[in-house]
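To start, the structure under review is shown below, and the notes come after it.
Coordinate-derived values only; no laboratory data. Note that the structure is a prediction, hence the values are computed from the model and not measured. All Cβ positions, even for glycine, are placed from backbone atoms using ideal geometry, and neighbour counts span all protein chains on display.
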């Protein structure tokens, strides 16, 4: 089984892309879901949501997910402070990127995830765009501009994954 990580900042469309891949029949998991991630102790306030906390992958669950055998492609979406521990388990890493104004507009209007609506969270998103996205870019083998219709973004992701 090929394992493909879709990563990027909040508001770049990771969850939308992973939902669309699942709807098309691909094995697809959103690691930003509470079943796969949890609040952990952290220095400062990296998310702007909870002082002294950060949203990190549940390592035991992610380890088991990535160890599973199967045919086809497993798409996994997420971005977390501990994701570096898993990068060598992915065949491809795809960075989804969008301009800051697009990301903030998406965060302001999305439903089902309250993150990114208060000023502290917006400030954290912008700081992460400056500080974290360059590190994600360095780890990614592919970049996809997600400021496009969802069907186009998914098509580009599938091309990156060899599908």
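For region 1-91, what are the per-bin percents of Cα-Cα distances with bins 10 Å wide, up to the bin holding the maximum?
17, 49, 28, 6, 0
Mind ranking 17-23, 75-81 by how tightly packed they are, going by the mean number of other C-beta atoms within 10 angstrom, highest first?
So the order, starting with the most tightly packed, is 75-81, 17-23.
What list of whole percents do you get for P(r) of the chain, with Cα-Cα distances grouped in 10 Å bins up to the one holding the largest distance?
Here the calculated profile for the chain is 10, 42, 38, 10, 0.
Given only helices, namely DSSP H runs of n ≥ 4 each adding -39500 (n - 2.57), what is the per-residue ellipticity at 222 nm of the chain, to the nearest 500 deg cm²/dmol?
When only DSSP H runs of four or more count, the value is -11000 deg cm²/dmol.
Considering only DSSP beta bridges where both residues belong to the chain, give the percentage that are antiparallel (nearest 5).
Rounded to the nearest five, the antiparallel share is 25 percent.
Would you mind ranking 144, 40, 125 by Cβ crowding within 10 Å, fewest neighbours first?
40, 125, 144
Over all distinct alpha-carbon pairs, what is the Kirkwood Rh of region 52-106 in angstrom?
Across region 52-106, the inverse of the average 1/r is 13.5 Å.
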